[in-house]
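The structure appears below as structure tokens.
Nothing in this text is a laboratory measurement; each read-out follows from the coordinates by a stated rule. Computed from a prediction, not measured in an experiment: that's the story for all the values here. Note: ideal-geometry Cβ built from the backbone for every residue, glycine included; neighbour counts use all protein chains shown.
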Amino acid sequence: MRVISGKARGTKLKGPSTEETVPITDRAKDALFNIIMPQISNCKFLDLFAGTGGVGIEALSRGASSATFIEISKQIYRDLTWNIEHTHFSKQAVILNYDAFRFLQEDKHVYDIIFVAPPQWKNLCQDAMTSLCKNIHLLSEDGVVITQHDPTEIVKVDPKVLVECDKRIYAGVQFNFYKKK
């Protein structure tokens, strides 16, 4: 695991110290950021199921003004905190050892990009998107929500709230992109 581009390019990141999380591959991360690069500069980024932080750190490295990382596992949270400190993004990062669903209900901030990549095959992506649709005030008017999941997993959103604007599949990883209706 490493930072692919930007200020921290080439910095090696600590992988997860448990099997609870599977980090995004460099190939999939590079493809994702090639798509969203025009929106990264000075954006407020939310990494909802952060794991070790590879996606949010990449956003900071490429010019996001801030990133909020939500990770419920105490052990993975320690790895995430180490990665943030190691890449020198502590001043731009908010790192919370917290439940993502409670965060969606309680947070009052607005984000330009919300990245949703929970553990697969536990219906968590669907549950997170249902909760996010109920708390859509978290997404800026021109913002984008991105889900990462297995291509065979079905994720539906409330069409009165969000519309899918793009979908990409890279080596067993699917990204769906949503905008406010």
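For trypsin sites (Lys or Arg not before Pro), the sites in the stretch 1-49 that DSSP calls loop and that have at most 12 other Cβ atoms within 10 Å are Arg9. Here the chain carries DSSP beta bridges of which approximately 45% are antiparallel, counting only pairs with both residues inside. With Kirkwood's inverse mean 1/r over C-alpha pairs for Rh, give me the Rg to Rh ratio of the chain, two decimals please. Radius of gyration relative to Kirkwood radius: 0.92. Put in line by how crowded their Cβ is, counting other Cβ atoms within 10 Å and starting with the fewest, Asp150, Asp107, Asp142 read Asp142, Asp150, Asp107.
Stretching Asn135 away from His86 to a fully extended chain increases their span by 14.4 nm, per 0.36 nm per residue minus the current alpha-carbon distance. Each residue, Lys7 and Arg102, gets one label point 7 Å from its Cα in the Cβ direction; the gap between the two is 3.1 nm. Put the Cα centre of the stretch 18-79 next to the Cα centre of the stretch 88-138 and the gap is 12 Å. Projecting the Cα atoms of Ala128, Gln92, Gly51 onto the charge dipole of the chain, computed from C-beta unit charges around the Cα centre, puts Gln92 farthest toward the positive end.
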